[in-house]
2 protein chains.
Amino acid sequence: MKTLKVGIVQHTCDTNRIGNIEKSIKGIEACVRKGAQLVILQELHTDIYFCQVEDVDMFDSAKPIPGEDVEIFSKVAKEQQVVLVSSLFEKRASGLYHNTSVVFEKDGSIAGKYRKMHIPDDPGYYEKFYFTPGDLGFHPIETSVGKLGVLVCWDQWYPEAARLMALAGAEILIYPTAIGWESTDTDDEKERQHTAWEVVQRGHAVANGLPLVSVNRVGCEPDWSGVTKGISFWGQSFVCGPQGEILYRAPVRDEINQVIEIDMQRSESVRRIWPFLRDRRIDAYDEILKRYRD
Amino acid sequence: MKTLKVGIVQHTCDTNRIGNIEKSIKGIEACVRKGAQLVILQELHTDIYFCQVEDVDMFDSAKPIPGEDVEIFSKVAKEQQVVLVSSLFEKRASGLYHNTSVVFEKDGSIAGKYRKMHIPDDPGYYEKFYFTPGDLGFHPIETSVGKLGVLVCWDQWYPEAARLMALAGAEILIYPTAIGWESTDTDDEKERQHTAWEVVQRGHAVANGLPLVSVNRVGCEPDWSGVTKGISFWGQSFVCGPQGEILYRAPVRDEINQVIEIDMQRSESVRRIWPFLRDRRIDAYDEILKRYRD
């Protein structure tokens, strides 16, 4: 495959679950009309970002895999004949939930799934309450459009995750995500946070010589517990090439369905001039497996 | 220590070795006059970037540690009462050389040394001919201005190196470097290369919540073998904070001696909101120690 047309669906969510699902589906359809061979949805696209509050009722949104949500998106992938990266709230058992990306083949079958490995927990992002850390490890998902290194949100801060995907032959790094600003942060801090988020991911693209797609949600969602003024999700989904060069950056406030053509042969040429994998000092990395070297 | 005043010396080099050393010394002195507590020199600052060609005569430039070059820079550190990060061509034995950063305490003693672990080799950068890969591992160097995570040039593309320094308590990441453009690259490619270089390092700062200083050489150096048109070293030494935010970027062509004040307490506050070290999946990283996961 010489080029890959990737569709990005960046949208707002609210408490109308059916409305959210419809938005994703409309976005997928729009991307396919524009020629997308692969469509990537944002993190937990069926719901509000419910992790703003620790609320047991929110577990009602979780569905088994296979199950209700999988059926919906499987049907869309098949109808649209497109490879689809979804991001679902998985109920594995009572009291056991994951933040799981399910990847569908264009015939609607499940190509593979990835359970978010790194789980954040900070004010407004109480994910450790909802999600058990993934137990499937870091493995690219083989599809008809290539080996997809699918990771989710908080994973994006971890070079280890990207590297493990690259070492396993991923041809592209993919991050459904949900990140935004808290209202009390200064404008300077907001700018630093967004830039850090983009830079660290572009860094993974560079370090591994791979293109990367990050799809973020957009819009303001209130904190229904009233503790904070909610989160303004910063949109700005982006695509970069294997030198971290920005190929597309979505707006900060708008919903978008965008198709970006990625030259999949650039990884080969970039890795020829910058063969980082050749020179890794695997004889000297063992303490990366430690929590801290103290 | 609440703030750290870091001096950067970015200069050209030519075949006049004594002249190169004088430039470094003048730069150190200028930085100290401006209040620097720590001065960082570029990679292999005593010489032209001799790795453009595989030439056995270039081994004449290498000196033992301790030895001639160490004596010179030890004396400067002591006279200037400054902690100094040098970057020297180390002769360990006949036929055994390293690319070694020697860090001097402000009393002129050697605080520690780091032997470049990742060694590149591509047209114009024939370092595998000259340098045996380091055998000292990744350990920060303890000094009176903090624990310095000193790495060298090609290391800057490896998230593993930065991570190991952070895990061992480094308070700042430091990269003496020598990188530039080859004349046949297009302007677009030059732009992508420079940006990738800066972005991947800023990514290490973000992933580890640490400030970072990268000091590059500047100026055009000819290829005396006549194979290429030489290297235009791209200068642009820079300092960023623990969110990858640029605090200073040097010009692309000029020699500079610049002092930048770094707020050393920001790492603590950034790591409180983004506690990446807390959530590392060390139970799932073991295959990072593999060459490739095939």
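The values are calculated or read from the model by the stated rules, or taken from the named source; none is laboratory data. The structure presented is a predicted model; accordingly, all values stated were derived computationally and were not measured. As a convention, Cβ positions derive from the backbone with ideal geometry for all residues, glycine included, and neighbour counts pool all protein chains shown. Side chains are part of the model used for accessible areas, which takes the heavy atoms of the whole protein and leaves out ligands, DNA and RNA. Shrake-Rupley method; radii C 1.70, N 1.55, O 1.52, S 1.80 Å.
Assorted remarks:
- The set of residues in region B:129-184 that are facing chain A (nearest Cβ under 10 Å), open to solvent by 10 Å² or more (accessible area, probe 1.4 Å) and closer than 29 Å to B:Gln81 by Cβ comprises B:Leu136, B:His139, B:Pro140, B:Ala168, B:Gly169.
- Selection status of A:Thr100, closer than 26 Å to A:Cys220 by Cα and of a type outside the set (A, V, I, L, M): yes
- Check on B:Glu79, surrounded by fewer than 18 Cβ atoms within 10 Å (Cβ to Cβ) and in contact with a Ser or Thr (Cβ under 9 Å, 6 or more places away or on another chain): no
- Test: residue in region B:250-269 that is in contact (Cβ under 8 Å) with a residue 60 or more places away in the chain, more than 30 Å from B:Glu22 (Cβ to Cβ) and out of contact with any strand residue (DSSP E or B) (no Cβ under 7 Å at 6 or more places or on another chain): yes
- Filtered by the rule that a residue be out of contact with any Leu (no Cβ under 7 Å at 6 or more places or on another chain), among the β-branched types (Val, Ile, Thr) and within 26 Å of A:Gln193 (Cβ to Cβ), region B:240-266 gives a lone residue, B:Ile246.
- With respect to the conditions (1) touching a residue at least 24 places away in the same chain (Cβ under 8 Å); (2) open to solvent by less than 30 Å² (accessible area, probe 1.4 Å); (3) at the interface with chain A (Cβ under 9 Å from one of its Cβ atoms), B:Leu277 lacks only one, and its number is (2).
- In region A:217-228, the count of residues that are modelled with pLDDT of 95 or more, crowded, with 24+ Cβ neighbours inside 10 Å and under 18 Å from the mean Cα position of the chain (by Cα) is one or more.
- Counted residues, region B:9-39 - those being of a type outside the set (A, V, I, L, M), out of contact with any strand residue (DSSP E or B) (no Cβ under 6 Å at 6 or more places or on another chain) and open to solvent by 80 Å² or more (accessible area, probe 1.4 Å): 5
- Enumerated strands (runs of 3 or more DSSP E) restricted to region B:208-294, each holding at least 2 residues that are more than 30 Å from B:Phe50 (Cβ to Cβ): B:246-249, B:256-263
- Matching entry among A:Gly219, A:Gly235, A:Gly241, A:Gly226 (being of a type outside the set (Ser, Thr, Tyr) and farther than 28 Å from A:Gln37 by Cβ): A:Gly226
- Residue check, A:Ile246 within 30 Å of A:Gly35 (Cα to Cα), loosely packed, with under 15 Cβ neighbours inside 10 Å and among the hydrophobic types (A, V, I, L, M, F, W, C): yes
- Residue within region B:192-202 that is open to solvent by less than 10 Å² (accessible area, probe 1.4 Å), within 12 Å of another protein chain (Cβ to nearest Cβ), free of Cβ contacts under 8 Å to residues at least 60 places away in the same chain and more than 20 Å from B:Pro251 (Cβ to Cβ) present: yes
- Search result, residues across region B:86-131 that are touching a residue at least 60 places away in the same chain (Cβ under 8 Å), in contact with a Cys (Cβ under 9 Å, 6 or more places away or on another chain) and not aromatic (Phe, Trp, Tyr): B:Ser87, B:Gly124, B:Glu127
- Region A:101-114, residues that are open to solvent by 10 Å² or more (accessible area, probe 1.4 Å) and either among the β-branched types (Val, Ile, Thr) or not in a loop (DSSP other than H, G, I, E, B) (or both): A:Ile110, A:Ala111, A:Gly112, A:Lys113
- Annotation note: of B:His45, B:His98, the sole residue that is open to solvent by less than 10 Å² (accessible area, probe 1.4 Å), not charged (D, E, K, R) and not in a loop (DSSP other than H, G, I, E, B) is B:His98.
- Flag for B:Ile288 being at negative phi, at the interface with another protein chain (Cβ under 9 Å from one of its Cβ atoms) and either at pLDDT 95 or above or surrounded by 19 or more Cβ atoms within 10 Å (Cβ to Cβ) (or both): yes
- Only residues that are of a type outside the set (Ser, Thr, Tyr), part of a helix (DSSP H, G or I) and either out of contact with any strand residue (DSSP E or B) (no Cβ under 8 Å at 6 or more places or on another chain) or open to solvent by 10 Å² or more (accessible area, probe 1.4 Å) (or both) were counted in region B:53-69, giving 6.
- B:Ala77, sole failed condition from (1) part of a strand (DSSP E or B); (2) in contact with a Leu (Cβ under 6 Å, 6 or more places away or on another chain): (1)
- Count of region B:115-128 residues which are in a loop (DSSP other than H, G, I, E, B) and either facing another protein chain (nearest Cβ under 10 Å) or not basic (Lys, Arg) (or both): 8
One line per residue, one yes/no per condition, for (1) under 18 Å from the mean Cα position of the chain (by Cα); (2) farther than 23 Å from A:Arg33 by Cβ; (3) at pLDDT below 95:
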{"position": "A:Pro66", "(1), (2), (3)": "no, yes, no"}
{"position": "A:Val70", "(1), (2), (3)": "yes, yes, no"}
{"position": "A:Val76", "(1), (2), (3)": "no, no, no"}
{"position": "A:Gln81", "(1), (2), (3)": "no, no, no"}
{"position": "A:Leu84", "(1), (2), (3)": "yes, no, no"}
{"position": "A:Ser87", "(1), (2), (3)": "yes, no, no"}
{"position": "A:Ser94", "(1), (2), (3)": "no, yes, no"}
{"position": "A:Ser101", "(1), (2), (3)": "yes, yes, no"}
